[in-house]
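**Student:** Got a structure for you, questions after.
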Amino acid sequence: MPNISSIHHCYGCSLCATVCSKKIISITLNKNGFYEPTITDTTQCTDCSLCMEVCAFANKELANNDNRPIKSYAAWSKEYAVQRKCSSGGAGYELGRTLMAQGYEVCGVRYNAEAGRAEHYIASTPEELIPAIGSKYIQSYTLDGFCAIDRKRKYLVTGTPCQIDSFRRYIRKFRVEDNFVLMDFFCHSVPSMWVWNKYLRMVEQVTGKVNYASWRNKHTGWHDSWAMGIDGEKTAEKMDWHDSYNLLIREKKSFFNSRLSQGDVFYNLFLGDFCCNRACQKNCKYKYDVSPR
Ligand SMILES: Cc1cc2nc3c(=O)[nH]c(=O)nc-3n(C[C@H](O)[C@H](O)[C@H](O)COP(=O)(O)OP(=O)(O)OC[C@H]3O[C@@H](n4cnc5c(N)ncnc54)[C@H](O)[C@@H]3O)c2cc1C
């Protein structure tokens, strides 16, 4: 029976590790800076092959391959504060908030500044959902968030199309699909975490230790919102004006505002496809009108 030991340079969704009852699959960054599974103790593998069965990368077909017609709607939040903080119109946040009122929890993505990474987590209240607002244009570490899901309860799960495709395979295995609403989005790809880490080190020279990052900062308006807004711990008194980084100082905190239109390094590398995941570039099955809905 196959297991994921032969899988490399995959989507890094971690569903293989989530489903493994022996808990012998670890998820770590590979040499290119993307999450990848490794079997830590092959002697304990029971050859159940569940890790392969839930893997969207290893399976050619989409979990939902019934060719149902896709319906399109346009939606945005009516609340100005939500529109401003969300990456697009805030439909993701509003859907989460609405489903919470119907007894759902939300498994979404927040930025963990301490670990310098994006990660899936569970939000049970609208307040807890606030960190999920906004796209974090780096690969999310899903394992802890997915493992915290109680399959008997109801959840909205959001993520990239490949994460959602594997997640659907996972909940089908346990016949609990009815407990879940799944939401993905159009996805450019994810950039290498090595690039993100280097960018953080560069920004930290200006801001001190980063404690908040927003990828679509609308500080100077909506239409040029490919902007990194980063808060650090340095106080304004300790800092020098730094023209090349387009630094703005806000209250006591340092604030780094770097825009694509002004040549932001992170956006140039990410949107120029210089540091994107091989699996996204060569093996993405979710382009154009293909969605794992
Ligand atoms: C890596 C990435 C690439 C994207 N590429 C494109 C693209 O090419 N074209 C396009 O039209 N849209 C793209 N998007 C989607 C877009 O940025 C918005 O998320 C989307 O339009 C929804 O906006 P919203 O205002 O409803 O979201 P919000 O209400 O701001 O919610 C954002 C949602 O995205 C989830 N999320 C945030 N970061 C991640 C992450 N790293 N991994 C998984 N889920 C995450 C959150 O949990 C939340 O549910 C991408 C998003 C990501 C994370």
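**Student:** Just to verify a result, which residue in the range 129-156, among those that are more than 12 Å from the ligand (Cβ to nearest atom) and assigned to a loop (DSSP other than H, G, I, E, B), is nearest to residue 182 (Cα to Cα)?
**Tutor:** Restricting to residues being more than 12 Å from the ligand (Cβ to nearest atom) and assigned to a loop (DSSP other than H, G, I, E, B), the top hit is 154.
**Student:** Of the conditions (1) more than 16 Å from the ligand (Cβ to nearest atom); (2) at pLDDT 95 or above; (3) on the phi < 0 side of the Ramachandran plot, residue 23 fails just one. Which one is it?
**Tutor:** Among (1) more than 16 Å from the ligand (Cβ to nearest atom); (2) at pLDDT 95 or above; (3) on the phi < 0 side of the Ramachandran plot, residue 23 violates only (3).
**Student:** If you don't mind, there's one more thing I want to ask. Test of understanding: among 173, 218, which residue is charged (D, E, K, R) and either modelled with pLDDT under 90 or within 14 Å of the ligand (Cβ to nearest atom) (or both)?
**Tutor:** Just one listed residue meets the conditions, 218.
**Student:** So, in the range 133-148, of the ones that are over 16 Å from residue 185 (Cα atoms) and small (Gly, Ala, Ser), which residue ends up surrounded by the most Cβ atoms within 10 Å (Cβ to Cβ)?
**Tutor:** 145
**Student:** Given the conditions (1) in the same structural domain as residue 113 (by TED's automatic domain parsing); (2) within 19 Å of the chain's Cα centre (by Cα); (3) not in a helix (DSSP H, G or I), report the number of the one that residue 170 does not fulfil.
**Tutor:** (3)
**Student:** Quick check on residue 93: is it out of contact with any Phe, Trp or Tyr (no Cβ under 9 Å at 6 or more places or on another chain) and assigned by TED's automatic domain parsing to the domain that holds residue 127?
**Tutor:** Against the criterion (out of contact with any Phe, Trp or Tyr (no Cβ under 9 Å at 6 or more places or on another chain) and assigned by TED's automatic domain parsing to the domain that holds residue 127), residue 93 qualifies.
**Student:** Within the set of pairs 6+ apart or on separate chains, which have a first residue in the range 87-102 that is farther than 22 Å from residue 224 by Cα and within 12 Å of the ligand (Cβ to nearest atom), a second that is assigned to a loop (DSSP other than H, G, I, E, B) and among the hydrophobic types (A, V, I, L, M, F, W, C), and C-beta atoms under 9 Å apart?
**Tutor:** 94/75; 94/76; 94/86; 95/75
Here is a yes/no grid of residues against (1) touching a residue at least 60 places away in the same chain (Cβ under 8 Å); (2) surrounded by fewer than 15 Cβ atoms within 10 Å (Cβ to Cβ); (3) away from the ligand (no atom under 15 Å from the Cβ); (4) within 22 Å of residue 28 (Cβ to Cβ):
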position	(1), (2), (3), (4)
185	yes, no, no, no
191	yes, no, no, yes
195	yes, no, no, yes
200	yes, no, yes, yes
204	no, no, yes, no
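**Student:** Within the range 63-76, identify whether any single residue is in contact with a helix residue (DSSP H, G or I) (Cβ under 6 Å, 6 or more places away or on another chain) and more than 8 Å from the ligand (Cβ to nearest atom), and answer yes or no.
**Tutor:** Looking through the range 63-76, at least one residue is in contact with a helix residue (DSSP H, G or I) (Cβ under 6 Å, 6 or more places away or on another chain) and more than 8 Å from the ligand (Cβ to nearest atom).
**Student:** Looking at residue 53, is it surrounded by fewer than 19 Cβ atoms within 10 Å (Cβ to Cβ), among the acidic types (Asp, Glu) and at pLDDT 95 or above?
**Tutor:** Yes; evaluated as a whole, the condition is true for this residue.
**Student:** Need at least 2 residues that are under 17 Å from the mean Cα position of the chain (by Cα) per element, so show me which helices (runs of 4 or more DSSP H) inside the range 8-113 make the cut, counting only ones lying wholly within it.
**Tutor:** Once the helices (runs of 4 or more DSSP H) in the range 8-113 are filtered for at least 2 residues that are under 17 Å from the mean Cα position of the chain (by Cα), what remains is 15-19, 91-100.
The values are calculated or read from the model by the stated rules, or taken from the named source; none is laboratory data. Owing to the predicted nature of the structure, the values given are computational and were not obtained by experimental measurement. Note that we place each Cβ from the backbone using ideal geometry, even for glycine, and neighbour counts take in every protein chain shown.
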